[in-house]
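S.K.: Here it is, the structure in full.
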Amino acid sequence: MNAEKIHRRRLPLWAAARSVFGAACESAGKDARFLDPKLEENFICLGESGLAFSDSAFAKLIGTGFGKPNLHRFLSAPAKGLKTIFLLRRISKIFKQSDSIPSAINPILRAGLEATVAYMNHHPCAQKFWREKSFRSIRIEIRNHESKWMIMKESNEHWSIQPFNEKSYASACLQFFDLQTARKGALGLLDPLVSVGTGEIALSGQIPLLDKFGYFARLANLEVPRPRL
Amino acid sequence: MKRSESDHWFERAGKVIPGGIYGHMAPGAGLPREFPHYCSHATGCEFTDVDGNEWIDFMCGFGAVLHGYRHPFVEAAVDRQRSYGSVFNQPSHLIVELAERLVSNVSFADWAVFAKNGSDLTTWAVRVAREKTGREFVIKARGAYHGVDAWCDPGMGGRISSDRMHVMEFSWNDLDELESLVRTNLDNVAALILTPYHHASYAPSELPVEGFWQGVRSLCDKHGIALILDDVRCGGRLHDSGSHEYFGFIPDLAIYSKALGNGYAISACVGAEAFRNFANEVFLTGSCWNDSLAISAAIASLELSRRDAVAQSVTEKGMFFCSRLEDLARKAGIALKMTGPPSMPYPWIEEDHDLYQVQSLCKRAARNGLYFHPYHNWFISNAMTQDMMELALTKASKAFDEHGNA
């Protein structure tokens, strides 16, 4: 998906679709594929099901929990469509949880990261920010927890979230102080700049890369509708 | 190290000031949990934070202080003027004295104007160049900092596409790239704005290569481009009469600030005669820009610089300190190189492109009471004594050992 192919107006919805998929990756295993989004000219489609929403219907789905999918597309594969709807319900419950345990927080955090990465890839300002060749990868982690993600720049210059492994090298690292801080951060309940000063968020490595990541994270946090599903 | 007061004030700040502290002093721009958030007082080359921790300082208020905090000669001049007042309906006559000093001190200067910050006058100087040449484009070095205005700020927010439509960049020291930019935009380049050497943040400083400044001057002459020297950061630290003397070239306009008032906010732009009439046409004012306290501080500061050959002094102190610091690092197995001029050195560790090593090193230094900035060039204060440098080196050695053992 090229940056120029996503209209600025559609970017928040695309980021929301990516964030729902991200949450599913952390909580639904292989079934996450049913929420893997695709952007079509008039629709946002979810996964293999072919469940397709107009932009306004998708905005309703994210914002209120109900959006009417395109009937024709739904009827072409109703079982898969229902599976997608079931998964959406599951994701919805996660966002409503307030537990500070990794199984509750990882999907929410991943959702926030996916939205940010969507902005890093497709925001009109993005391209000029990523010219620096040393900007390759960011590790996001929670102190004293195994939860870690790598945001990597791929050979096509697109950023993507990849599983962390011990060999992963990060140009920069952002660490949340604890699970609760991570949850608040993911839900937009932290002032990220203040949180760096208080120690709730620790930064290391290529600070200019984290500055730019932070800019898109804040932008996404302001613009992307938080899933209520 | 205590930081409860710092944290207390920062928590309050977070509620009423966006980000708590912004700009180059924002926590994220330094070492958020090692550097204090707030200072209490300072003397010479030391400061005390709000928790009472004492620091040996290597940043000098990010360059705003050259002779040392609260230098008695400067403070006495300010105190004298304070008894008369600071801002009036008309400027104090001291503004004339300051302009005369600069014109007499800076070889190519025929006039001077004043403002408060470097940005006020880097932007104004670009406009003067545009007024003179009737051209649009300005060329700068990639990664160079020239202020907070939309055409040059390093931030990301609040920009519109036209902000930088007439700004072009080249790699520092690359005369071929510069020449190519000029040729591509022949007869439409108004100004080339450069710092005396390349002091970008998050990267080692780069001195001009042999022939760079001569090439730049010659290119500007050939194509009628105004050469603007942004001497805001370096002014007074490389040469008492401006950094162009240190590197041996003549600009058309130069901007000074930071050290000019030794901690009192003032900036100056000086220019050659050929630019005087055009300077008249570009509006310049600010209600407090004629602040006579800052002007009296600048007069005293320039007097001190001349009297005590301060640029030479801080250079010698920097040479001693940097050389010893590198030796100590080497002994601890750290490939530390203090880049740039010795009076304003930038710490760079070989192969540490992602800055993890220098961050760790500066954190350990901070825990030993040394304000070593990991991403910004340091500033050697002229108040730094031999004893203080020895003490700092002892502390640095301890920090290096701790870093090596980690």
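Only the coordinates and a few stated rules stand behind these numbers; no lab work does. Only a predicted model underlies this, so the values are computations on that prediction, with no experimental measurement involved. Using ideal geometry, Cβ is built from the backbone for each residue, glycine included, and neighbour counts are taken over all protein chains shown.
S.K.: Where in the stretch B:287-380 are there helices (runs of 4 or more DSSP H), lying wholly inside it, with at least 1 residues that are within 14 Å of another protein chain (Cβ to nearest Cβ), in contact with a helix residue (DSSP H, G or I) (Cβ under 9 Å, 6 or more places away or on another chain) and among the polar types (S, T, N, Q)?
M.R.: Answer list for the stretch B:287-380: B:356-367.
S.K.: Does the stretch A:210-227 contain any residue that is within 14 Å of another protein chain (Cβ to nearest Cβ), touching an Asp or Glu at 6+ places or on another chain (Cβ under 7 Å) and farther than 30 Å from A:ILE85 by Cβ?
M.R.: no
S.K.: Out of (1) more than 14 Å from chain B (Cβ to nearest Cβ); (2) on the phi < 0 side of the Ramachandran plot; (3) touching a helix residue (DSSP H, G or I) at 6+ places or on another chain (Cβ under 6 Å), what's the single condition that is false for A:ALA172?
M.R.: (1)
S.K.: While we're looking at this one, here's another question. In the stretch A:193-226, which residues are out of contact with any strand residue (DSSP E or B) (no Cβ under 8 Å at 6 or more places or on another chain) and acidic (Asp, Glu)?
M.R.: Within the stretch A:193-226, A:ASP211, A:GLU223 qualify.
S.K.: For the stretch A:146-194, name all the residues that are under 15 Å from A:SER134 (Cα atoms), assigned to a loop (DSSP other than H, G, I, E, B) and of a type in the set (Phe, Trp, Tyr).
M.R.: Matches in the stretch A:146-194: A:TYR169 only.
S.K.: Something else: What are the residues in the stretch B:99-122 that are among the polar types (S, T, N, Q), surrounded by fewer than 22 Cβ atoms within 10 Å (Cβ to Cβ) and in a helix (DSSP H, G or I), if any?
M.R.: B:SER104, B:ASN105, B:SER119
S.K.: Separate question: Which one of B:VAL167, B:VAL126, B:VAL182 is of a type in the set (A, V, I, L, M, F, W, C), away from every other protein chain (no Cβ under 14 Å) and under 28 Å from B:HIS376 (Cβ atoms)?
M.R.: B:VAL126
S.K.: Taking the criterion of being within 14 Å of chain B (Cβ to nearest Cβ), surrounded by 19 or more Cβ atoms within 10 Å (Cβ to Cβ) and in contact (Cβ under 8 Å) with a residue 24 or more places away in the chain, would at least one residue in the stretch A:144-161 satisfy it?
M.R.: no
S.K.: Can I ask one more? So for the stretch B:2-11 (the condition being surrounded by fewer than 18 Cβ atoms within 10 Å (Cβ to Cβ), assigned to a helix (DSSP H, G or I) and basic (Lys, Arg)), does at least one residue qualify?
M.R.: no
S.K.: Further question: If you check B:ARG276 against the conditions, is it over 18 Å from B:SER257 (Cα atoms) and either among the polar types (S, T, N, Q) or free of Cβ contacts under 8 Å to residues at least 12 places away in the same chain (or both)?
M.R.: Considered against the rule, which asks whether it is over 18 Å from B:SER257 (Cα atoms) and either among the polar types (S, T, N, Q) or free of Cβ contacts under 8 Å to residues at least 12 places away in the same chain (or both), B:ARG276 comes out as no.
S.K.: Take the residues in the stretch B:22-45 that are outside any helix (DSSP H, G or I) and within 7 Å of chain A (Cβ to nearest Cβ), then tell me which one is surrounded by the most Cβ atoms within 10 Å (Cβ to Cβ).
M.R.: By that ranking, first place goes to B:HIS37.
S.K.: Yes or no: B:GLY52 farther than 18 Å from B:TRP378 by Cβ and within 14 Å of another protein chain (Cβ to nearest Cβ)?
M.R.: no
S.K.: Ok, one more. Which one of these is surrounded by 13 or more Cβ atoms within 10 Å (Cβ to Cβ) and in contact with a Phe, Trp or Tyr (Cβ under 7 Å, 6 or more places away or on another chain): A:GLY67, A:GLY50?
M.R.: On inspection, the qualifying residue turns out to be A:GLY67.
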